[in-house]
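The values are calculated or read from the model by the stated rules, or taken from the named source; none is laboratory data. Remember, predicted model here, so these are calculated numbers, not experimental data. All Cβ positions, glycine included, derive from the backbone under ideal geometry; neighbour counts span all protein chains shown.
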Amino acid sequence: MTTCEPTLRPDLSSEYSLTADHVRQYRENGHVHLGGVCSREEIDVYREVLKSVTANRFAGAKKMSDRPEDDFSRVFMQTFNLREADERAARFIQSPRFGKIAADLMGVDAVRIYYDKAMFKEPGSWLTPWHQDGPHWPLHSDNVLTMWIPLVDTAIDMGPPRFASGTHRSRVLGPRGIHRKSESYFEGHIRTRRNPVVEEEIPAGDATLHSHWVVHGARANTSCRIREAIGITFYEDGLCIDDSACSEENRPVIDANLGNRRPGQRADHPRNQVVFARS
Ligand SMILES: O=C(O)CCC(=O)C(=O)O
């Protein structure tokens, strides 16, 4: 069908009008919600593409009640690096529009992609425990962020991301990992420090962006709809690998996402494309 040709899909090269207030919010709070990053038409077209890539990968998923209780599978189904599996998905994920937003928020000249992932939270999925991303990634810098893009309107009962504003300023704050222990630790931290928690419904086409240091999570999906979302993690071009904070068990996966560059080397593997650079 001609409508499936990659060349006929929106190229997302036009710029998003980021305001000075967006940049201020991102830097002060560690996260920001941007309205209308994609038009409804753009998101609908790419939703079909991204769902077709995830469909095979999620096909064998067990029923919720048969999944182990002590791993991540009850939080959401996830799969990585759709951009490497499908040219049309790459067109979306590597779009200069998204790359420029990330670069402008961080105030850097160029950004690379660390990885992308689909996070589909099914009805009945558990909450996403409070956590920080930074402590398990081998990029110890303030200039790493994730753009979270829902493919469907995400109401509060579907579990949009929630953020503890301002927690990015302290960098590493608590235990590594995303589990019951991180949930209770950060819940206590947020209560004690009275960090404001921001949780909003996110229409399809909007996006949130969060620093990898900010404490974040999501409530359980108590609706009857799947929360379909894509996360794209960007970092400042020029960073070197520092994996001193990574756990041994995660290191092979983490290193592979950066083309197995070694500590001290530049994180500049071709796998981690530069998707935006100021000329
Ligand atoms: O989608 C979620 O539930 C959590 C997302 C998240 O932790 C992230 O994108 O870093």
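The figures follow:
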read-out: Test for Y185: is it within 15 Å of the ligand (Cβ to nearest atom) and more than 24 Å from M77 (Cβ to Cβ); value: no
read-out: Qualifying residue in the stretch 130-139 (condition: near the ligand (Cβ under 10 Å from one of its atoms), under 23 Å from S223 (Cβ atoms) and either outside any loop (DSSP other than H, G, I, E, B) or aromatic (F, W, Y) (or both)); value: yes
read-out: Any chance A90 is of a type in the set (G, A, S), more than 16 Å from the ligand (Cβ to nearest atom) and more than 15 Å from E228 (Cα to Cα); value: yes
read-out: Unmet criterion (only one of (1) assigned to a helix (DSSP H, G or I); (2) surrounded by fewer than 18 Cβ atoms within 10 Å (Cβ to Cβ); (3) touching a residue at least 60 places away in the same chain (Cβ under 8 Å)) for V172; value: (1)
read-out: Residue identified as under 16 Å from the mean Cα position of the chain (by Cα), modelled with pLDDT under 95 and farther than 17 Å from N257 by Cα among I149, I101, I178; value: I178
